[in-house]
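Some notes on the structure that comes next.
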Amino acid sequence: MTEEKRRAVGVSMWKLTWRRFRKNKLAMTGLVILCIIIAIAILAPVIAPYSPVEQHLEDRLQPPSSKYLFGTDELGRDILSRVLYGTQIALRVGVLVALISAAIGVTLGLISGYYGGIVDEVLMRIVDIVWSFPSLILALAIVSILGPGLINAMVAIALTMWASYARIVRGETLSVREELYIEAARAIGESDIRILFSYILPNVMSSILVLITYNIPSAIIVAASLSFLGLGAQPPTPDWGLMLSTARTYLTIAPWYSIFPGVAIMITVLAFNFIGDGLRDAIQPERVS
Amino acid sequence: MVSRTLVGVIAAVIIIIAIAAGIAGYYATRPPATTTPTTSPSPTSTTPTATTPATTTPTATTPTATTPAVEKVLVIGYTRPPDTLDPQKSTWVDITTDIVFARLVNIDSEGNIITGLAESWKISDGGKVITFHLRKGIKDAFGNPITAEDFKFDFERFIAPETASPSAPLVVGTLKEVKVIDDYTVQFIFEEPYGPILSMLATMPSAGIYSEEYFKKVGDVEFGTKPAATGPYYVVEWVRGSHIDYAVNPNYKREYYPDSVIENEGPPYIKKLRFRIITEPFTLVSEFKAGNVHVLLDVPPEYYKELKNDPKVTMIPFLEYTLHYVGFNCQKYPFNDTRVRQAIAYAIDRKPIIEAALEGLAVPIYGPLVPSMIGYSEKVEEYAKQKYQYNLEKAKELLAEAGWVDRDGDGILEDRNGNKFEFELWISTGELEAPKVAQIIQSQLAKIGIKVKIRQVEESAFTDLVSKGKHQAYLFRYGLMDAQILFYMFHSKKGVKRMFFYRSDLDAALEKMGSTIDPKERQKYIEEAEKILIDGCPMVPLYARKIFVAYRNDVVEGIKVNPYTQSLYFNDAKLKG
């Protein structure tokens, strides 16, 4: 669909995006899965058969059975309950990290693109530096300074991920600021802050949204990796990465212990990535070849 | 952007593949009879998941097809990458250097001090002088003769400030001079008598003897990578992160370590040893099951049952001389109150810890020493055991006395100012069972209203942070053959900083223990120090592990273990086939 057609039909951009998105089967599958995951996260205390930290020392490393659907771990905790509660942690980590890094990156990107000059130069070099590090390695370095723990891990990951927002938002700001309506806003004496956040931000919002949906799964993966290395969530938190880390010791004795948290991570990450792809194609149809 | 997505998807796929490979390895009990497994004996490469029967025989991967050791090398699995192989400079000494260096004296399988490179010795001047009469005709692996001058050189290098040996103060105490009387007599002269001197000289590889000539020829650096000396083997090559290769010392004689259980009069039969460095215990065990590693020095408790039932595996048990304990920072609130520390000692039940976290392969310990340490006394252990029997009521009473009561009914205790009883328990990432033990303690202390937060700290940072007193409480271990460990752990000035439990009567007892050579008199001071530690409760002793050395009896036979020194004897071992 072309720009002209959209104007002619007279529907809003978001409505149009939704229409295109709906046609994408993979994206819709992702959305349905995500809804289920969110429901699980909210309902975990209701649907989990046991407390995620309750130990049944006499039932250690039990294979899946009717009593423990996903089996038990090395301290006799119900793996099903832990995987269900783990949803809360994974979603919280993913969404919070994406929002924090978006807040940092978008603000810096807007400033950089709008003011240009030396400000732009300095900010973009910082972005280059952050961008050049693999995010896991940089997050590892930051966590080892801050100390281990889930909150510190989230801060560390956010600090590695803002650069992509800054770069994209800057690029879009560069073109948007040349538009006539920005000139008009300046002419009627709007403040810079108002121009940035009321005029430019809404115009770059769609790219940010796509970026966020891609960022959430990366954040979940990096957080799980940090937990896997003992730097993220601390025991007995029912974190999927931490569960995998412990489970690898029992890979031959209790394979189910690794399977369930591993599959949980995979499903969640895939759901977000499907949505991200669908959203990108729907918002920027010109990029689809 | 796309690359980020890809990373996510790839990571997820890798996890799944890893898991699938694990399952395949688990269920593929044997390779299909028709196809000969083409090379790669790694367990993840076994594929036939389709034909897996549900009957699980966990004896797993029979390595019948993989031919063991074509070039006749005994492969030993080893989990700890060494810093240097020069024991005088290393912070960690173990079997990798133990088999390279023979020592002045030894400890036999019954725990007695016996001869070694020294034929006899005499203690005089109240313990300030020890005269050693050496064996004649000692040669190192390259035939360099070893005489009194070499002993002098070795020990003077050991105590020299420029060597900065981490173990010297512990091994030789206040040794100040080594005098050569004649070619076969040396005299050790001490500033103060050193109580555990003989057991230290007998067990620490850093007290091992090497040729001055060889050392000067290869130099300081190469000696740290390719040590060759008087022990049954010497190092040929060390590839960091991969393996250490040893060759037999052709000049080795049984009289250098005349333990009655050793039969072989000459050098060991097995000509080549390889220590393969595999830090991941799971990988190590699967390599062992696949037949690529022949000896496991410490079977992870999780795999004990599986390996015990394997007819191809022989296990040798012994009790480690290491105490695992919960240590408090006795200078920091709330653990500066003895009653609070004692309350926690009452509230920890060792039985479920040992059953669940260690598969029952440990003995509970209540006092500061474990049975395999010199100086351990059953009487003192019994005293501690009676004093700190698991008792939740007593724990609550003591806490209430110290002002800790649940004031707002949330199940967590508060002090008089309303602060909640919440503390961080640090564990080291280097200890496999620590997270399990810590989580059990966490749930046990929750029963008396104490909230524990667990924090994993990387092992090298762990001791550093703890010695700076940054902790509230931690879970760790200490170990040495001798009760001298108490001096090392608890002396206010000369010890390491861990629990910050300082008392003048404890210092006095420890100093006397350190400077008394007569075993009976020394025992008195050891027990005195132990009692102060039990009553003052700077720590809660938990357990000592039962260690199992395992070897593949289809590859090798005749490996022996000295239960006291926990040294492995390869002298009588032979490769099969």
- Query: Rounded to the nearest 5, what % of the DSSP beta bridges within chain B are antiparallel ones?
  - Reply: 75
- For an R0 of 25 angstrom, estimate the FRET efficiency from the Cβ-Cβ distance between residue B:494 and residue B:386 and round to the nearest 0.05. 0.20
- Query: FRET efficiency for residue A:186 and residue A:121, Cβ-Cβ distance as r, R0 = 25 Å, nearest 0.05?
  - Reply: 0.65
- log₁₀ of I(q)/I(0) at q = 0.05, 0.07 Å⁻¹ - the protein assembly as shown, Debye sum with one point per alpha carbon: -0.37, -0.69
- Note on the structure: Of the listed links B:305/B:468; B:436/B:512; B:176/B:494; B:332/B:385; B:394/B:420, those spanning more than 29 angstrom between alpha carbons are B:305/B:468; B:436/B:512
- What list do you get for A:100, B:138 if you sort them by fewest beta carbons within 10 Å? A:100, B:138
- Item | For B:486, B:175, B:284, order by how many other beta-carbon atoms lie within 10 Å, fewest first | B:175, B:284, B:486
- For region A:92-194, listing trypsin sites (Lys or Arg not before Pro) in a DSSP loop whose Cβ sees at most 13 other Cβ atoms within 10 Å gives none
- Note on the structure: Length gained, residue B:504-residue B:315, 0.36 nm per residue minus C-alpha separation, equals 63.5 nm
- Message: What does DSSP give for the protein assembly as shown in terms of the percent of beta bridges that are antiparallel, rounded to the nearest 5?
- Response: 75
- In chain B, which whole DSSP H runs stretch at least 15 Å along their own axis (Cα) and average 1.6 or higher on the Kyte-Doolittle scale? B:2-27
- Would you check region A:1-140 for Lys pairs whose C-alpha atoms are within less than 19 Å, ignoring same-chain pairs closer than 8 in sequence, and give me the count? 4
- Query: Just in region B:391-428: which trypsin sites (Lys or Arg not before Pro) are loop by DSSP and have at most 12 other Cβ atoms within 10 Å?
  - Reply: B:416
- Query: Based on the alpha-carbon gyration tensor of region B:435-554 and its eigenvalue square roots a ≥ b ≥ c, which shape applies: rounded if a/c is under 1.5, prolate if not and a/b is larger than b/c, or oblate?
  - Reply: oblate
- Note on the structure: chain B: relative contact order from alpha carbon pairs under 8 Å, six or more residues apart, as a whole percent, is 17
- Would you mind pulling out the separation of the Cα centroids of region A:145-185 and region B:368-404, in Å? 57
- So the FRET efficiency between residue B:432 and residue B:164, C-beta based with R0 = 35 Å and rounded to 0.05, is 0.65
- Rel. contact order, % - alpha carbon contacts under 8 angstrom, at least six apart, chain A: 25
- Message: Classify region B:487-577 from the C-alpha gyration tensor, please: rounded if a/c falls under 1.5, else prolate or oblate depending on whether a/b exceeds b/c.
- Response: prolate
- Item | Prolate/oblate/rounded label for region A:134-289 (Cα gyration tensor, a/c 1.5) | prolate
- Task: Send over the Kirkwood Rh of region B:341-381, from the inverse of the averaged 1/r over different Cα pairs, rounded to one decimal Å.
- Result: 11.6
- What GluC sites (Glu not before Pro) in region A:145-188 are in a loop by DSSP, with at most 16 other Cβ atoms within 10 Å of the Cβ? A:178, A:179
- At 27 Å minimum axial length over the Cα atoms and a Kyte-Doolittle cut of 0.5, report the qualifying DSSP H helices in chain A, or say none. A:25-47, A:79-115, A:150-176, A:201-228, A:255-283
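Each reported figure results from applying straightforward, stated rules to the coordinates on display, with no laboratory input. Computed from a predicted model, the values in this text were never measured in an experiment. Here the Cβ is made from the backbone with ideal geometry for all residues, glycine too, and neighbour counts use every protein chain on show.
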